[in-house]
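Remarks on the structure that follows.
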């Protein structure tokens, strides 16, 4: 494949998803400058790896590369963001799926709190989520990917996507509640 | 994906499945079984309310991170795409420039794809029209969120005014309409928005008989859904993920008649 063909494919497959790519990088790195670096690097990687893109789901493919690149960046610059999560998941696994009935059946005030939360509070709460919960939530609730696409992008089974998403949302609700009170 | 939902499904698992249910990831049989459980269990009903409220708040209030000015240009330059045209101005122009590139880059493919089978040719034109609209100064000819304004606007401009429904409550506000030309004939196209994504919905008189009731495809990175209602072939196209586009199609099809 010639360089022109590659450029053409890149324009068709990757460029339409630049907005999503940048948003994901921003949520993962936490700021604009680093997100820009990650997206640029990811685009170069995507361009070099175009042969590996089947073209059937260019968005998930692009986001997978962005995520990889962001993780490399975090590994170099923010090791702490990466390590804490596994321990945390182990702890959460023990308790996560046994929400006590008292919490779950406390509907109205909490639902109102969530409904009233403004953009700044929601964004701050998302930013506080551990990385792997955050990326799952962002891919689903902000970028609208299907579970199997998220599984592809984050390289975990669909079941893990489901449980991470459930925990991400539960934590987010907790964060919004704590923030409020 | 998971075990069937039935009366013996533990409450914990039902709590987990509520997420999949609200995300449209449960198959119909399991969705119905879960709905029954939710109806009879206030804990599950409260959880469903919490999650739904959160999803809605995220969808409606968390702003999209805007692409920093210059980033697109730097990437195009790094890859060798752009011919270094200066583009200050709003991000809209940056977007248009990249779409223009995509169109120019893919026009060869467009002509190759012009064989007339099961609406392939129409699909190509739908994609072209969507891209062209994104490149134009405004993606719409009539800008209104009021269907009672948009629908009459088509009178006299297209052979038939399209069905227009209001989906703002569901996160898909109507932003307007435009005329596209498909197979040489003017066609009404409605423009809806979801977050920062634009959805074009064209209503084409269905001349191809015996086509499947609903079909999906991806072309040049865009998702397309086509379905036929009352002799009209509807084409929805967007860079939205297929789940969201499917949700839009479901809502549009399920909306009560005007």
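Summary of values
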| read-out | value |
| --- | --- |
| Residue match in region B:223-243 (condition: at pLDDT 80 or above and part of a helix (DSSP H, G or I)) | yes |
| Scan of region A:36-50 for residues that are touching a helix residue (DSSP H, G or I) at 6+ places or on another chain (Cβ under 8 Å), part of a helix (DSSP H, G or I) and either in the same structural domain as residue A:138 (by TED's automatic domain parsing) or free of Cβ contacts under 8 Å to residues at least 24 places away in the same chain (or both), ordered by number | A:36, A:40, A:44 |
| Search result, residues across region A:127-141 that are touching a residue at least 60 places away in the same chain (Cβ under 8 Å) and either surrounded by fewer than 21 Cβ atoms within 10 Å (Cβ to Cβ) or in a loop (DSSP other than H, G, I, E, B) (or both) | A:127, A:131 |
| Residues located in region B:157-173, provided they are outside any loop (DSSP other than H, G, I, E, B) and at pLDDT 90 or above | B:167, B:172 |
| Those residues of region A:148-161 which are surrounded by fewer than 23 Cβ atoms within 10 Å (Cβ to Cβ) and part of a helix (DSSP H, G or I), in sequence order | A:148, A:151, A:152, A:154, A:158, A:159, A:160 |
| Unmet criterion (only one of (1) away from chain A (no Cβ under 14 Å); (2) over 25 Å from residue B:23 (Cβ atoms)) for residue B:220 | (1) |
| Which numbered condition residue B:181 misses (of (1) in contact (Cβ under 8 Å) with a residue 40 or more places away in the chain; (2) over 11 Å from the mean Cα position of the chain (by Cα); (3) surrounded by 14 or more Cβ atoms within 10 Å (Cβ to Cβ); (4) in a strand (DSSP E or B)) | (3) |
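Every residue, every condition in (1) away from chain A (no Cβ under 12 Å); (2) modelled with pLDDT under 80, yes or no:
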site	(1), (2)
B:17	no, no
B:29	yes, no
B:35	yes, no
B:54	no, no
B:63	no, no
B:74	no, no
B:88	yes, yes
B:91	no, yes
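The values are calculated or read from the model by the stated rules, or taken from the named source; none is laboratory data. All values reported here derive from a predicted model rather than from experimental measurement. Because the Cβ atoms are built from the backbone with ideal geometry, glycine has one as well, and the counts that use them run over all protein chains shown.
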